[in-house]
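Colleague: I have a structure here, written as C-alpha cells, and I will follow up with some questions on it.
The values are calculated or read from the model by the stated rules, or taken from the named source; none is laboratory data. Just so you know, these numbers come straight off a predicted model, no measurement behind them. A quick note on method: Cβ atoms are made from the backbone with ideal geometry, for glycine too, and the neighbour counts reach across all protein chains shown. Side chains included, ligands, DNA and RNA excluded: accessible areas come from the protein's heavy atoms. Shrake-Rupley method; radii C 1.70, N 1.55, O 1.52, S 1.80 Å.
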Amino acid sequence: MGRKLLTEHINVEGIEKLDVYRKHGGYRSVEKALKTMTPDEVVEEVKKSGLRGRGGAGFPTGLKWSFLAKPEGVPRYLVCNADESEPGTFKDRELMSKLPHLLIEGMITGSYALGANTSYIYIRGELLYVLRILEKAIAEAYAAGFLGKNILGSGYDLDLFVHPGGGAYICGEETALLESLEGKRGNPRNKPPFPAVQGLYARPTVVNNVESIAAVPVIVNEGGDEYAKIGVGKSTGTKLFSACGHLNKPGIYEIELGLPVEEFIYSDEYCGGIWKGRDLKAVVAGGSSVPILPKELILKTATGEDRLMTYESLSDGGFITGTMLGSGGFIAMDETTNIVRNTWSFSRFYHHESCGQCSPCREGTGWLEKVLHRLVHGHGQMHDIDLLVSVAKQIEGNTICPLGEAAAWPVAAAVRHFRDEFEWHVTHPQEATKPGAVFPGK
Ligand code: SF4
C-alpha cells in the first residue's frame with residue numbers, strides 16, 4: 001500500500017472545516033515556516049524535495065521558485081492554476097472540494113517563501129461550487145489568523161483571493177491565465193519575458209498547479225529530503241491520477257511515483273482491471289493532450305522493461321512515439337474502442353479551444369478535425385492519413401503556446417500506432433462507420 005501524502009485524510013468527515021482539518025495536523029507548515037524558517041529556507045526545502053509541477057509540464061517547482069525576480073519595492077505574486085480542464089483530468093477538483101484548507105495552507109506557506117503579500121487561486125469557471133467551498137474555507141482561515149495582517153504574530157501579511165475564469169481551456173496555459181486574471185481575453189503571451197520576471201500586472205509571478213501547491217505543506221513538515229526518498233530518480237513523491245475510461249474502478253488515486261503501469265491498471269488496490277472482462281487496447285496516460293500508446297507499449301517499454309508511472313518512463317520515444325505523464329488524466333480504452341473516432345473527438349475539442357492567435361494552430365487544428373471527420377464518416381482517402389501526420393508536423397514547434405502540440409501529437413501518435421485501423425476506415429467505409437463498429441484487426 002503506497003503512502004498517501006496529500007489524501008490521507010480526504011474521507012474524514014468534516015475535513016473541509018478548519019477545526020477538523022487542524023485536528024489532523026492542518027496548518028502545521030504555516031506555523032513552522034513563519035515562526036522558524038526564512039523564506040529562502042522554505043524554497044530550499046522545496047528544491048531538495050525534487051517536487052515537479054503537477055499540472056503537466058513537470059518542471060521542478062523549487063527551481064521555478066528560485067527564478068522569481070525580486071526587485072526592491074516591487075510586489076510579486078503567487079497564482080494557483082486551478083483551471084483544470086484537460087479531458088480525462090479531474091484530480092484538482094477533488095482536492096479543492098474535499099481538502100480546501102490543504103490548498104490554502106500551501107498557498108500561505110508558498111506565498112511566504114516567495115515574498116508575496118497578495119495571492120490568487122484562478123479556478124475554472126465551471127467549478128463554481130468548488131469556488132464557494134474555497135471561499136468559505138478562506139473566510140475561516142482569516143478568522144483564525146492564518147490570513148490577513150501579521151499572520152500568527154510573525155509580521156507577515158497575506159491576502160488570498162479566488163477568481164473564476166470563463167471556462168476556456170486555454171486559460172490553463174499560465175500566461176493566458178494571467179491575461180484573464182487581469183480582466184482581458186485569455187490569449188497566451190509570447191515568452192520571454194517569462195512570468196517570473198513579468199507576470200501578473202507585469203510583476204514577478206509564480207504560477208503553480210493546485211497539486212503542486214498542496215504538496216508544499218508535506219514538504220515543509222517532513223523536510224525536502226524525506227519527500228525525495230519516495231519515488232524513483234527524478235520523479236519524487238506521490239502523484240494524483242484521475243483514472244477513467246473502461247476500467248473496473250475508475251477514480252482518483254494517489255500513488256507513489258514509480259509504480260508499474262500494469263499494477264496501476266490491474267491491481268485491486270487501484271483500477272481493478274478492464275471492465276466487462278475485456279482486453280485493454282490503448283491508454284492515454286496523462287490527459288488528452290499526450291500521445292496515445294497501444295497496450296503493448298504502455299505496459300512494457302520498447303526495451304521490454306516494465307513501464308513505470310514516472311515522468312521519465314512515460315516520456316520515452318519523443319515526438320509521435322512517446323507519451324507523457326502530463327496532468328495525470330489516465331484514460332484506458334478497451335478492445336471495442338474506435339481509435340479513429342476517438343482521435344476525431346479529441347481533435348474537435350482542440351480546434352474549438354484554440355485561441356486563434358497563431359496560424360499553425362488556428363488552421364492546423366481545423367484541418368486535423370476536418371480530415372478526421374472525413375475518415376470517420378466514410379469519405380476519407382488513403383492520402384488523408386499521411387496528410388494528418390504532415391499537418392501535425394507543421395504545427396509542432398511553430399506556435400506561441402503548447403496547445404498546438406497538444407492537438408497535433410495525439411493525432412500523429414494514433415496514426416503511427418493504429419495505422420491499420422485508419423486504413424480500414426478508407427477501405428471499408430460502410431462497415432467502419434456503423435455505430436459501435438469495431439476494427440476486426442489486420
Ligand atoms: Fe492560441 Fe493555439 Fe497559438 Fe496557443 S498555439 S496561442 S492556443 S493559436
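Colleague: Looking only at the range 353-372, count how many residues are more than 14 Å from the ligand (Cβ to nearest atom) and closer than 22 Å to Y169 by Cα.
Modeller: Going through the range 353-372 one residue at a time, the tally reaches 2.
Colleague: Applying the selection to the range 231-245, what residues are farther than 19 Å from R93 by Cβ and buried (at least 20 other Cβ atoms within 10 Å of the Cβ)?
Modeller: If the condition is that a residue be farther than 19 Å from R93 by Cβ and buried (at least 20 other Cβ atoms within 10 Å of the Cβ), then G231, S235, T236, G237 are the ones that fit.
Colleague: Still on this structure: Looking only at the range 52-89, how many residues end up being assigned to a strand (DSSP E or B) and under 28 Å from F330 (Cα atoms)?
Modeller: Residues flagged as assigned to a strand (DSSP E or B) and under 28 Å from F330 (Cα atoms) within the range 52-89 amount to 6.
Colleague: Which strands (runs of 3 or more DSSP E) sit wholly inside the range 196-266 and have at least 3 residues that are in contact (Cβ under 8 Å) with a residue 40 or more places away in the chain and more than 23 Å from L177 (Cα to Cα)?
Modeller: 238-245, 251-256
Colleague: Also: Of the residues G50, G14, which single one is touching a helix residue (DSSP H, G or I) at 6+ places or on another chain (Cβ under 7 Å) and free of Cβ contacts under 8 Å to residues at least 24 places away in the same chain?
Modeller: Only one candidate passes the filter, namely G14.
Colleague: Of G172, G186, which residue is within 20 Å of G106 (Cβ to Cβ), within 13 Å of the ligand (Cβ to nearest atom), touching a residue at least 24 places away in the same chain (Cβ under 8 Å) and in contact with a Ser or Thr (Cβ under 8 Å, 6 or more places away or on another chain)?
Modeller: None of the others qualify; the one that does is G172.
Colleague: Quick check on this structure: which one of R189, R132 is farther than 24 Å from T36 by Cβ, in contact with a helix residue (DSSP H, G or I) (Cβ under 7 Å, 6 or more places away or on another chain) and open to solvent by 30 Å² or more (accessible area, probe 1.4 Å)?
Modeller: R189
Colleague: Right, next: If we scan the range 95-109, do we find a residue that is surrounded by fewer than 22 Cβ atoms within 10 Å (Cβ to Cβ) and within 20 Å of the chain's Cα centre (by Cα)?
Modeller: There is at least one residue in the range 95-109 that is surrounded by fewer than 22 Cβ atoms within 10 Å (Cβ to Cβ) and within 20 Å of the chain's Cα centre (by Cα).
Colleague: All but one of (1) surrounded by fewer than 24 Cβ atoms within 10 Å (Cβ to Cβ); (2) farther than 30 Å from L314 by Cα; (3) in contact with a strand residue (DSSP E or B) (Cβ under 9 Å, 6 or more places away or on another chain); (4) in contact (Cβ under 8 Å) with a residue 12 or more places away in the chain hold for S154; which doesn't?
Modeller: (3)
Colleague: Next up: State all residues of the range 368-384 that are crowded, with 19+ Cβ neighbours inside 10 Å and part of a helix (DSSP H, G or I); if no residue qualifies, say none.
Modeller: Within the range 368-384, L368, E369, V371, L372, L375, V376 meet the criteria.
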